[in-house]
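The block underneath contains the structure these notes are about, expressed in structure tokens.
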Amino acid sequence: MKNVMTADEKFKKMTEAPINKLVLSLAIPTIISMLTSSIYNMADTFFVSQISTSASGAVGVAFPLMMIIQAIGFTLGMGSGNYISRLLGQKDREYSSKVLATGFFTALIVGVILAIIGILLLDPLVYMLGATETIAPYAKDYIQYILLGMPFMITSFVLNGTLRFQGSAFYSMIGITTGGIINVILDPILIFKFNMGTGGAALATVISQFISFCILVYNSSIGGNIKIKFSDFTPKWVMYKEILRGGLPSFYRQALGSVAMIFLNFSAGFYGDAAIAAMTIVGRVIHFAISVMLGLGQGFQPVCGFNYGAKHYDRVLKAFWFTVKLSITVLSLLGLIGLITSPSIITVFRKEDLEVISIGSLALRLQCLTLPLSAWIIMTNMLVQTIGKAKEATLVSISRQGLFFIPSILILPRIFGLVGVQISQPVSDLLSFVVALIVGRNVLLEIKEAIKEENQS
């Protein structure tokens, strides 16, 4: 375990250490966490795809539910974390404790309520998520276990976020990575050895998430981190207002992503289970590529929050440009690899079904073309969200999966057929980039003005 750092030492590190090294020191653990999460999601898809094409499609049907779980967890985790990082930048540790406890216990309560509702309405829920008659049985087996683990999954996302925003990405990484490794180990055992099928994949996810939850709770009490105390739980509107201000952009992004996935399932389902399976695989592969950049961005966010709260605006600007340049480089390289090897990548998941390979290969190539644009879109979103610009953050958040993708997936397949399904995400990425470019430019100009005012005063 790392040496324990006091709150004052952490503040000094966040506001004085060289920017590039600081961002990377925080980003490397989060990149590992994000890659681990992405790998065990891909492992679910890989092992389930060995059962059948319909079973593979079931993972895609369950994905919108997983995104709703993430949406709630990210809303409370990012909202609380953003607020905490700014408060710690102002050296207000007492109120930070109240923010953490409120975000954590609210997530636990909401998770329990939604899990009960989901279990009671399991049958209609599966079809509402876009299941076909042949996919539905596999989807029910998967989703019933996910619902049981929902409270712990939501709170794990909250703890992951609040630890990162305290500058303790290492402690977050331990919890997420341990859970991810356990998930990958349990998947083949429960799916094949215990003959649980898609339910085994979901149960492996729930068990691993519960273990992550336990580790993250423990890690929140060590290393100079803020300890979770029920006595600090402050369910008041003034608290929720600030948490939601920082967290709602994440909710909009994830919730609209969930709705977008449902529309994608319905649109792809018109062309059969193979199309749903193919787009599910492509989605997991692209998420794996983007997870590298998300990890880097999550290393940037606490640096941004601390320094913005401490009015070190020049450091905010330096950190932003460093992460943008590095993200574009990484995604360009990964996009090139995807363009060249897309058939081989899809074959790894479903080599028995040539239709899945054909549909997935083209879709993956098309998404790889616009993949580097995601660097600017998401980094701009992280910047404006972290510094508390809720309106701008919301606009960028809803653009990629909501403002542009949903209309694309509803309109383009009617014009171009299956190709319309495959090009919907690249078209959305291109239009979202234009929006993020305008928002980013305006916010960066504001920060530059703030730097000038600080230098003159």
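The values are calculated or read from the model by the stated rules, or taken from the named source; none is laboratory data. Remember, predicted model here, so these are calculated numbers, not experimental data. Cβ: placed from backbone, ideal geometry, glycine included. Neighbour counts: every protein chain shown. Protein only, heavy atoms only, side chains kept; ligands, DNA and RNA dropped before computing areas. Shrake-Rupley method; radii C 1.70, N 1.55, O 1.52, S 1.80 Å.
For the reader, a short list of remarks on this structure follows.
- Exactly one residue out of Ile207, Ile189, Ile228 is among the aliphatic types (A, V, I, L, M) and either within 23 Å of Ala101 (Cα to Cα) or crowded, with 22+ Cβ neighbours inside 10 Å (or both): that is Ile228.
- Lone unmet requirement of (1) at pLDDT below 95; (2) under 26 Å from Arg253 (Cα atoms) for Pro372: (1)
- Subset of segment 197-224 [farther than 21 Å from Met153 by Cα and outside any helix (DSSP H, G or I)]: Ile222, Gly223, Gly224
- Qualifying residue in segment 271-283 (condition: surrounded by fewer than 21 Cβ atoms within 10 Å (Cβ to Cβ) and touching a residue at least 40 places away in the same chain (Cβ under 8 Å)): yes
- Tabulated pairs, segment 248-265, first within 13 Å of Ser397 (Cα to Cα), second in a helix (DSSP H, G or I) and among the small types (Gly, Ala, Ser), C-beta under 6 angstrom, 6+ apart or interchain: Pro249/Ala393; Pro249/Ser397; Phe251/Ala71; Tyr252/Ser397; Arg253/Ser397; Gln254/Ala71; Ala255/Ala71; Leu256/Gly402
- Flag if Ser408 is touching a residue at least 24 places away in the same chain (Cβ under 8 Å) and either of a type in the set (S, T, N, Q) or surrounded by fewer than 24 Cβ atoms within 10 Å (Cβ to Cβ) (or both): no
- Condition met for Gly149 (under 30 Å from Asp8 (Cβ atoms), within 24 Å of the chain's Cα centre (by Cα) and either small (Gly, Ala, Ser) or at pLDDT below 95 (or both)): no
- Extreme residue, surrounded by the most Cβ atoms within 10 Å (Cβ to Cβ), among residues of segment 367-380 that are closer than 12 Å to Val324 by Cβ and polar (S, T, N, Q): Thr380
- Selected residue (only one of Ser33, Ser52 is out of contact with any Leu (no Cβ under 6 Å at 6 or more places or on another chain) and either surrounded by fewer than 23 Cβ atoms within 10 Å (Cβ to Cβ) or more than 15 Å from Gly167 (Cα to Cα) (or both)): Ser52
- Taken over segment 333-357, the criterion of being part of a helix (DSSP H, G or I), in contact (Cβ under 8 Å) with a residue 40 or more places away in the chain and not aliphatic (A, V, I, L, M) is satisfied by Gly335, Gly338, Phe349, Arg350, Glu355.
- Checked against (1) open to solvent by 50 Å² or more (accessible area, probe 1.4 Å); (2) modelled with pLDDT of 95 or more; (3) closer than 29 Å to Ile28 by Cα, Pro124 passes all but a single condition, namely (3).
- Looking across segment 130-140, the residues that are part of a loop (DSSP other than H, G, I, E, B) and either under 10 Å from Asp273 (Cβ atoms) or open to solvent by 10 Å² or more (accessible area, probe 1.4 Å) (or both) come down to Ala131, Thr132, Glu133, Thr134, Ile135.
- Applying the condition of being small (Gly, Ala, Ser) and not in a helix (DSSP H, G or I) to segment 159-182 and asking which residue is surrounded by the fewest Cβ atoms within 10 Å (Cβ to Cβ) yields Ser168.
- Residue within segment 70-83 that is at pLDDT below 95, aromatic (Phe, Trp, Tyr) and open to solvent by 10 Å² or more (accessible area, probe 1.4 Å) present: yes
- Conditions (1) in contact (Cβ under 8 Å) with a residue 24 or more places away in the chain; (2) assigned to a helix (DSSP H, G or I); (3) among the basic types (Lys, Arg): number failed by Lys325: (1)
- Failed item in (1) under 18 Å from Ala58 (Cα atoms); (2) open to solvent by less than 70 Å² (accessible area, probe 1.4 Å); (3) of a type in the set (A, V, I, L, M); (4) in a helix (DSSP H, G or I), with Ile119 passing the rest: (2)
- Members of segment 284-323 that are open to solvent by less than 10 Å² (accessible area, probe 1.4 Å), among the hydroxyl-bearing types (Ser, Thr, Tyr) and more than 17 Å from Asn160 (Cα to Cα): Thr323
- Set side by side, the residues Leu395, Leu333, Leu364, Leu326 differ, and just one is at pLDDT 95 or above and either open to solvent by less than 50 Å² (accessible area, probe 1.4 Å) or over 17 Å from Val292 (Cα atoms) (or both), which is Leu364.
- Lone unmet requirement of (1) under 23 Å from Val303 (Cα atoms); (2) of a type outside the set (Lys, Arg); (3) free of Cβ contacts under 8 Å to residues at least 40 places away in the same chain for Leu159: (3)
- Qualifying residue in segment 343-350 (condition: open to solvent by less than 50 Å² (accessible area, probe 1.4 Å) and of a type in the set (A, V, I, L, M)): yes
- For the condition touching a residue at least 60 places away in the same chain (Cβ under 8 Å) and in contact with a Gly (Cβ under 6 Å, 6 or more places away or on another chain), Ala7 qualifies.
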